[in-house]
Amino acid sequence: MEPVQLLDPDGELSPHPRWPLDVTPDLCRDLFRRMTLARCFDDEALALQRQGELGLWLQSLGQEAAQIGSMTALRSDDYVFPSYREHAAGLVRGITPAELLIQWRGNAGSGWDPSRYRFHINTLVLAAQLPHATGYAMGVGRDGTDEIVVAYFGDGATSQGEANEAFNWAAAAEVPLLFFCQNNQWAISTPTQTQMRAPLHQRARGFGLDAHLVDGNDVLAVHAVTSAVAAQIRGGGGPALIEAVTYRMAGHSTSDDPGRYRTPGELDTWKDRDPIARLEALMVARGWLDDELRQELAAEGAALAAETRRVCRELPLGDMRALFGSVLAEETVLLTTERQQYEALVASYID
Ligand SMILES: Cc1ncc(C[n+]2csc(CCOP(=O)(O)OP(=O)(O)O)c2C)c(N)n1
Ligand SMILES: [Mg+2]
């Protein structure tokens, strides 16, 4: 099965009979702006980590189309469960740079109020958000509203039992849930092809999910497919899964060196399929991207980067002692020892 594609890597647009999309200058400009700004933010966060201002960063580089094409196809009250790489998706909901960064600076367990943005906190335990999302969607279904629930996860996460339990449970209970997999070809250093024998969209059908394969680096295809599938779920059509074929253009995290396992030339192949360059090629060919818009975007990107730097350095310190009391109802002997060691360490600081 070929992934749905509207825009080829050279920016050539071909309408798709099954997935119609009104490709207007405004839609393209909006998607291009969001993807460009998301990349500016991601670049700045990477620089901050390298300067010691963040403990860790997981880049969304290369996955902007998958995240932004899908998020912009949702309604603002649809509830989203991210994993941990969905910064571009979070920006679509208006989550601020400070809120997106604070967890990675180690100053808080999570950064934002999920109910305010209808965007759940990050889940770092792979696939744990999928049964959560299924249970949440079950509640939404029983409330009788027409909002839908969307859960983002990676290719590697689908090897977890919880992912497969959630697929089955969601299908059996017919909940209003869209599973959105960003298949970025890698789970740290494990390539997708050693992770599974049957492609995910095929496996999903075995669970009774309506499943689709889309070119995740084609923002227009992602937007068209997600819009149609979201409408189908909203109309009572039951849960569905979208597998977006994309590529993690950076390391897994800032602690990873992809040079140790990635084949030479692989990155170059995917650079030729860059989601932003592809939309840019279309817009240039149609006369939808002029110098004025480029300058406007460059200024907006520089301002976002400056704001990101400023707020990062000003993030308030969290009280890390809370970590010792927030998991177990009663403190164990081991936890007491560790808390006392931590308090002694903090007391030993000169400043
Ligand atoms: C249950 C669990 N096992 C292992 C890990 C360690 N781990 C963190 S990310 C990751 C790879 C995940 O790959 P994928 O789901 O494809 O997402 P990606 O990072 O590529 O976006 C692993 C193994 C974890 N966080 N949780
Ligand atoms: Mg992956």
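The values are calculated or read from the model by the stated rules, or taken from the named source; none is laboratory data. Note that this is a predicted model, so its numbers are computed, not measured. Note: ideal-geometry Cβ built from the backbone for every residue, glycine included; neighbour counts use all protein chains shown. For the accessible areas, the whole protein counts, side chains as well, though only heavy atoms, and no ligand, DNA or RNA atoms are used. Shrake-Rupley method; radii C 1.70, N 1.55, O 1.52, S 1.80 Å.
Only one entry in ALA73, ALA108 is in contact with a His (Cβ under 8 Å, 6 or more places away or on another chain), open to solvent by 10 Å² or more (accessible area, probe 1.4 Å), assigned to a loop (DSSP other than H, G, I, E, B) and of a type in the set (A, V, I, L, M, F, W, C), namely ALA73. If you filter the stretch 47-70 down to residues that are among the charged types (D, E, K, R) and outside any loop (DSSP other than H, G, I, E, B), you find that the one that is most open to solvent (accessible area, probe 1.4 Å) is ARG50.
Only one entry in ARG142, ARG116, ARG105, ARG93 is basic (Lys, Arg) and under 15 Å from the mean Cα position of the chain (by Cα), namely ARG93.
ASP26 meets the conditions (1) acidic (Asp, Glu); (2) without any contact (Cβ under 8 Å) to a residue 12 or more places away in the chain; (3) open to solvent by less than 10 Å² (accessible area, probe 1.4 Å) in every case but one. The failed one is (3). Residue count for the stretch 124-153, restricted to those that are buried (at least 21 other Cβ atoms within 10 Å of the Cβ) and of a type in the set (Ser, Thr, Tyr): 2. Does the stretch 2-13 contain at least one residue that is over 17 Å from the mean Cα position of the chain (by Cα), among the β-branched types (Val, Ile, Thr), within 14 Å of ASP218 (Cα to Cα) and at pLDDT 95 or above? Yes, some residue in the stretch 2-13 is over 17 Å from the mean Cα position of the chain (by Cα), among the β-branched types (Val, Ile, Thr), within 14 Å of ASP218 (Cα to Cα) and at pLDDT 95 or above.
Please enumerate the residues belonging to the stretch 155-193 that are of a type in the set (S, T, N, Q) and within 12 Å of ligand 1 (Cβ to nearest atom). Of everything in the stretch 155-193, those that are of a type in the set (S, T, N, Q) and within 12 Å of ligand 1 (Cβ to nearest atom) turn out to be THR158, SER159, GLN160, GLN182, ASN183, ASN184, GLN185, SER189, THR190, THR192. Evaluating GLU307 against the criteria (1) open to solvent by 80 Å² or more (accessible area, probe 1.4 Å); (2) farther than 20 Å from GLY55 by Cβ leaves one unmet condition, (1). Restricting the first member to the stretch 261-275 and to residues that are in the same structural domain as ALA221 (by TED's automatic domain parsing), and the second to residues that are among the hydrophobic types (A, V, I, L, M, F, W, C) and assigned to a helix (DSSP H, G or I), the beta-carbon pairs closer than 7 Å and six or more apart or on different chains are PRO275/MET35; PRO275/ALA65; PRO275/VAL219.
The helices (runs of 4 or more DSSP H) located wholly in the stretch 140-206 that include 3 or more residues which are away from ligand 2 (no atom under 16 Å from the Cβ) occupy 161-173, 200-206.
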